[in-house]
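Single-structure report; data block below.
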Amino acid sequence: MSNIETFSNWENLVKKQLKTEDIYTILKKENLEGIDVKPFYDSVEKPLINLPKVEESTHLVATYHETLEDDVFAFLLNENVENLIEKTIFINNKALAEHISPQDEDQYFSLIDVFDENNAEIDDQLVKELLAKSFKRNICVDVSLHQNAGASIVQQLGIALAKTKELVEVYGEEILNKILFRLAVGGNYFFEIAKIRAFKLVFNQLSKEYGLDDIPYIFAETSLRNKSVSDSENNLIRSTLELASAMIGGADAVFSTNYQIGNNTENSEEISFKQQIVLAYESIINVFEDASNGSYYVEDITQQIAEKSWQFFLEIEENGGYLESLKQEILQKKIYNQAVEEQKWVEEGKIKLIGVNLYPKLEVRKTVAELYNTKEIKAVRWAEMFE
């Protein structure tokens with residue numbers, strides 16, 4: 001059977017199921033990423049190889065609490081804890097990262113971004129201090145800020161590459177396998193799976209520019225962007241789906257930010273971690289190397305995101321690189337434009353947020369001008385407009 005016949009069969013089946021000849025109008029779905037999404041898929045043009053990850057099984061990371069010490073393998077630390085033996089530790093405090101001296105090089109990872117976004121510079125002293133330590137991954141490139149500020153997926157990945165290139169230019173290509181990438185995963189389920197997969201492609205492509213064949217270490221956390229103060233239960237469901245995206249996409253470590261916005265409790269911290277436990281041990285999606293490989297839809301959008309991200313990276317480079325683009329306020333303006341357009345979609349109901357703009361409990365109280373600034377990259381939640 002030829003490809004044309006196969007396509008025609010699929011097309012006729014969709015028409016029959018929808019009971020209309022006009023399937024393309026009905027199934028057309030807009031997105032703010034500039035990604036071409038087909039109404040249905042019957043093949044993939046360029047199948048990808050299995051995209052590997054660094055860790056064999058995804059680390060499930062919990063905020064440290066002494067009651068979890070016996071049961072949890074990977075902790076996020078904001079302050080020093082003595083005698084954490086045979087644990088994987090993600091350091092989330094700058095002072096702690098500077099002063100801690102691990103005994104086992106395989107245990108420690110830094111989550112401290114070495115870029116000062118406000119002053120458009122690299123913290124050189126911090127980089128040198130961290131590189132001198134026996135961490136498994138010494139240097140964090142953080143683009144979770146950019147996701148939470150409203151940057152598109154393409155912008156996030158292009159910025160991650162541009163920040164990486166800045167580091168290589170200063171500290172040499174040997175820094176590539178010392179970097180941890182901190183990403184935030186939003187609620188666009190399949191796009192976020194594709195985001196993580198696409199980043200593996202573009203990072204590997206960048207490493208090949210330096211004669212290497214490296215895989216990125218990806219720490220993925222749930223987004224703040226789509227969470228609301230008044231709907232903690234909905235936040236919990238959203239972040240569970242985001243964790244699933246991260247695991248299926250092939251993140252090396254996942255972390256669930258607290259679903260109770262501005263009201264962290266021991267109970268909410270425990271529940272946030274248990275989300276990961278259920279996904280890992282009941283759905284068993286944390287052990288697959290590339291679970292979505294072969295999905296026509298995910299393969300297609302993965303490759304589109306990879307291509308567009310690389311082009312955005314080249315744009316940044318043409319403007320003098322990441323830091324220079326910040327100094328000229330080019331990136332701030334691009335992220336602002338994207339974030340404001342996204343916020344308008346929320347306000348108009350094109351992006352649906354249960355309890356906020358769909359079955360709303362609140363009315364619009366803040367304007368776009370009050371929430372966003374063309375000169376600053378800052379986290380803004382969609383629901384802040386209504387709170």
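The table below lists the values:
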{"quantity": "Computed P(r) (all Cα pairs; segment 55-94; 5 Å bins; percent)", "calculated": "6, 23, 38, 22, 8, 3"}
{"quantity": "Paired Rg and Dmax values of segment 290-348, which use every Cα atom, in angstrom", "calculated": "15.5, 42"}
{"quantity": "Normalised alpha carbon radius of gyration of segment 315-387 [divisor 2.2 N^0.38 Å]", "calculated": "1.32"}
{"quantity": "Accessible surface, per residue, of the chain when the full set of protein chains is kept, probe 1.4 Å, Å²", "calculated": "47 Å²"}
{"quantity": "Percent of beta bridges antiparallel (DSSP, the chain, rounded to nearest 5)", "calculated": "5 percent"}
{"quantity": "Listed residue pairs exceeding 32 Å between alpha carbons, taken from K15/K366; K128/K200; K38/K334; K46/K136", "calculated": "K15/K366; K46/K136"}
{"quantity": "Carbon and sulfur %, accessible surface of segment 205-284 computed with the full protein complex present, 1.4 Å", "calculated": "55 percent"}
{"quantity": "Segment 1-127: Rg to Rh, with Rh as the Kirkwood radius over Cα pairs", "calculated": "1.25"}
{"quantity": "Angle between the chain longest axis and helix 266-278 axis [Cα atoms, degrees, rounded to 10]", "calculated": "60 degrees"}
{"quantity": "Segment 156-248: chymotrypsin sites (Phe, Trp or Tyr not before Pro) falling in loop per DSSP and having at most 15 other Cβ within 10 Å", "calculated": "Y210"}
{"quantity": "Convex hull projection area averaged over all views, segment 201-288, Cα basis, nm²", "calculated": "6.7 nm²"}
{"quantity": "Over 13 Å [Cα-Cα, segment 256-318], rounded percent", "calculated": "74 percent"}
{"quantity": "Beta bridges per DSSP with both ends in segment 53-203, % antiparallel, nearest 5", "calculated": "10 percent"}
{"quantity": "For segment 208-353, radius of gyration divided by Kirkwood radius, i.e. Rg to Rh on alpha-carbons", "calculated": "1.01"}
{"quantity": "Spherically averaged projected area in nm², based on the convex hull that wraps the Cα atoms of the chain", "calculated": "20.8 nm²"}
{"quantity": "Ellipsoid equivalent to segment 68-154 - semi-axes via the Cα gyration tensor, in Å", "calculated": "25, 17, 10"}
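The values are calculated or read from the model by the stated rules, or taken from the named source; none is laboratory data. Just so it is clear, the model here is predicted, and its values are computed rather than measured. For neighbour counting, all protein chains shown are included, and Cβ atoms are generated from backbone atoms with ideal geometry for every residue, glycine included. These accessible areas exclude ligands, DNA and RNA; they are computed on the full protein's heavy atoms, side chains included. Shrake-Rupley method; radii C 1.70, N 1.55, O 1.52, S 1.80 Å.
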